[in-house]
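What follows is a single structure, written as structure tokens, with notes after it.
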Amino acid sequence: MTFQRAALFSDWRCARAAAACLSAPASWPQVQLLCWVLMPDHWHGLIELGPRATLSDAMQHAKGRCAHAVNRARGRGGRVWSPGFHDRALRREDDMLTAARYIVANPLRAGLVRRLGDYPYWDAIWLPAHGESKSGRG
């Protein structure tokens, strides 16, 4: 959640900076970000921790990097994120793909867009990379 629930990511410059940061592997050492969506005043993500990673360390690292990027984009310093984070662990029987679909559908449920493809600030590892077919052969 952003500091004081400010709708920072309604500004495309801040949203673009945060999206680029969330997508960057350097933001997630020892962690795999499976999917994410950036909302006007918060973000949702599905992550898989590596064997030595902790959720607290991963979130602190990513939020710090993204705060720096957002502040650079808006041309000033200041707090970007509220302290802490909310989490929910998936049980083995939970379906990760179902959870991912729920996460990335947040802009639809919030009424920000009518089609998910119209919302630019989300990603999921299950999508082919730009220019690739689903088979991965381009």
Check on residue 62, at pLDDT 95 or above, under 25 Å from residue 127 (Cβ atoms) and buried (at least 19 other Cβ atoms within 10 Å of the Cβ): yes
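Looking at segment 49-59, which of its residues are buried (at least 17 other Cβ atoms within 10 Å of the Cβ) and in contact with a strand residue (DSSP E or B) (Cβ under 7 Å, 6 or more places away or on another chain)? Steps first, please.
Kept after step one, since they are buried (at least 17 other Cβ atoms within 10 Å of the Cβ), are these residues of segment 49-59: 53, 58-59.
Result: 53, 58.
Determine whether residue 62 is closer than 16 Å to residue 36 by Cα and assigned to a helix (DSSP H, G or I). Spell out the reasoning first.
Numbers: closer than 16 Å to residue 36 by Cα: yes; assigned to a helix (DSSP H, G or I): yes.
Yes.
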Going by the conditions given, is residue 51 touching a residue at least 24 places away in the same chain (Cβ under 8 Å) and part of a loop (DSSP other than H, G, I, E, B)? no
Condition test on residue 70, is it outside any loop (DSSP other than H, G, I, E, B), touching a His at 6+ places or on another chain (Cβ under 7 Å) and either surrounded by 14 or more Cβ atoms within 10 Å (Cβ to Cβ) or at positive phi (or both)? no
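Out of segment 25-39, which residues are aliphatic (A, V, I, L, M) and over 21 Å from residue 1 (Cβ atoms)? Give the derivation first.
Filtering segment 25-39 for residues aliphatic (A, V, I, L, M) gives 26, 31, 33-34, 37-39.
26, the sole residue that qualifies.
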Pairs returned, first residue in segment 66-83 that is of a type in the set (S, T, N, Q), second residue that is surrounded by 14 or more Cβ atoms within 10 Å (Cβ to Cβ), beta-carbon separation under 7 angstrom, 6 or more apart or interchain, are 71/80; 82/1; 82/2; 82/3
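Any chance segment 124-133 includes a residue that's outside any loop (DSSP other than H, G, I, E, B), touching a helix residue (DSSP H, G or I) at 6+ places or on another chain (Cβ under 9 Å) and at pLDDT below 95?
Looking only at segment 124-133, we keep the residues that are outside any loop (DSSP other than H, G, I, E, B), and these are 124.
With touching a helix residue (DSSP H, G or I) at 6+ places or on another chain (Cβ under 9 Å) added as a condition, the list becomes 124.
Still in the list and also at pLDDT below 95: 124.
Within segment 124-133, one or more residues are outside any loop (DSSP other than H, G, I, E, B), touching a helix residue (DSSP H, G or I) at 6+ places or on another chain (Cβ under 9 Å) and at pLDDT below 95.
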Those residues of segment 73-125 which are surrounded by 17 or more Cβ atoms within 10 Å (Cβ to Cβ) and charged (D, E, K, R), in sequence order: 123
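Residue under question is residue 36, and the condition is that it be without any contact (Cβ under 8 Å) to a residue 60 or more places away in the chain, outside any helix (DSSP H, G or I) and surrounded by 16 or more Cβ atoms within 10 Å (Cβ to Cβ); does it hold? Explain how you work it out, then say what you get.
Values: without any contact (Cβ under 8 Å) to a residue 60 or more places away in the chain: no; outside any helix (DSSP H, G or I): yes; surrounded by 16 or more Cβ atoms within 10 Å (Cβ to Cβ): yes.
Taking the combined requirement at face value, the residue does not satisfy it.
The values are calculated or read from the model by the stated rules, or taken from the named source; none is laboratory data. Since the model is a prediction, treat every value here as computed from it, not as a measurement. Backbone-built Cβ (ideal geometry, glycine too); neighbour counts: all protein chains shown.
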